[in-house]
Amino acid sequence: MPDLRHESQHIAPVVGVDEAGRGPLAGPVVAAAVVLDCANIPAGIDDSKALSATRRARIFGALMDSAQVGIGMASVEEIDRLNILWATMLAMHRAVDALAITPGMVLVDGNRCPDWPYPSRAIIGGDAKSLSIAAASIIAKQHRDAIMAAAHDQHPHYGWASNKGYGSAQHLAALREYGPSPLHRRSFSPVAQAYLAL
């Protein structure tokens, strides 16, 4: 379970950063930056992938009420122009900038940090180790899931309400039948192949 051991090693404010949406074929990549209120930490924070949708939504609401939260995104166009790695770095940078504070330390889930002026540390598997990163994983996933659920209303045949843009069988079949939408990432192989088939 994640805890505050990593946060306690650094000068406050300590910011946890994580992203959601590197792997999908459609939609933006979303990053969140979170500074927890150590006197008011919601119960049950864990890696977003380990939580049910109901628990994740409850903790998301509690975090939005108690923590400092910044959200950053990189668009489909930026993903296609920069590639998904650098678009993710851009989204993380925007998320920390959205906090409007000077971090004492930024803890980033993964094996590298963006090129930014903040003191930072990358932690592999950080969403299972650091409470701040786990909180950021919840915020990023909930925010991105909401974007894709809204996009589903515009493009229902891709099944984004359930697959969130990932390459499920339904999504891939719809991509072959209907072709790509404006929210599809043209630089991703299944989407590029669908464009060639048009």
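Okay, here's what the table says:
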{"quantity": "Electrostatic dipole magnitude of segment 74-168 [Cβ: Lys, Arg +1; Asp, Glu -1; Cα centre; debye, to 20]", "calculated": "260"}
{"quantity": "Trypsin sites (Lys or Arg not before Pro) lying in DSSP loop within segment 24-60, provided at most 16 other Cβ fall within 10 Å", "calculated": "none"}
{"quantity": "CD proxy at 222 nm, helix term only [per DSSP H run n ≥ 4: -39500 (n - 2.57); per residue of the chain; nearest 500]", "calculated": "-13000 deg cm²/dmol"}
{"quantity": "Net charge of Cβ neighbours under 14 Å - reference Ala151; Lys, Arg +1; Asp, Glu -1", "calculated": "+1"}
{"quantity": "Anisotropy class of segment 31-168 from Cα gyration tensor, a/c 1.5 cut", "calculated": "oblate"}
{"quantity": "Cut-off 15 Å between beta-carbons: net charge of the residues surrounding Asp18, Lys and Arg +1, Asp and Glu -1", "calculated": "+2"}
{"quantity": "Contact order relative to length of segment 99-198, as percent, for alpha carbon pairs under 8 angstrom and 6 or more apart", "calculated": "13"}
{"quantity": "For Gly125, distant residues with modelled amide H under 5 Å away", "calculated": "Gly110"}
{"quantity": "Residue-normalised accessible area of the chain, given per residue in Å² at a 1.4 Å probe", "calculated": "46"}
{"quantity": "Selection from Leu4, Tyr195, Ala87, by position along the positive dipole direction of the chain (Cβ)", "calculated": "Tyr195"}
{"quantity": "Within segment 1-133: Cβ-based charge dipole about Cα centre, in debye rounded to nearest 20 (Lys, Arg +1; Asp, Glu -1)", "calculated": "200"}
{"quantity": "Charge sum, other residues only, whose C-beta stays under 12 Å from Phe60's C-beta, Lys/Arg counted +1 and Asp/Glu -1", "calculated": "+3"}
{"quantity": "Protein accessible area in the chain, 1.4 Å probe - carbon and sulfur %", "calculated": "56"}
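The values are calculated or read from the model by the stated rules, or taken from the named source; none is laboratory data. Since we're looking at a predicted model, the values are computed, not measured. FYI the Cβ positions are ideal-geometry reconstructions off the backbone, even for glycines, and counts take in every protein chain you see. The protein model used for the area step is the full one, side chains on, heavy atoms only, and it has no ligands, DNA or RNA in it. Shrake-Rupley method; radii C 1.70, N 1.55, O 1.52, S 1.80 Å.
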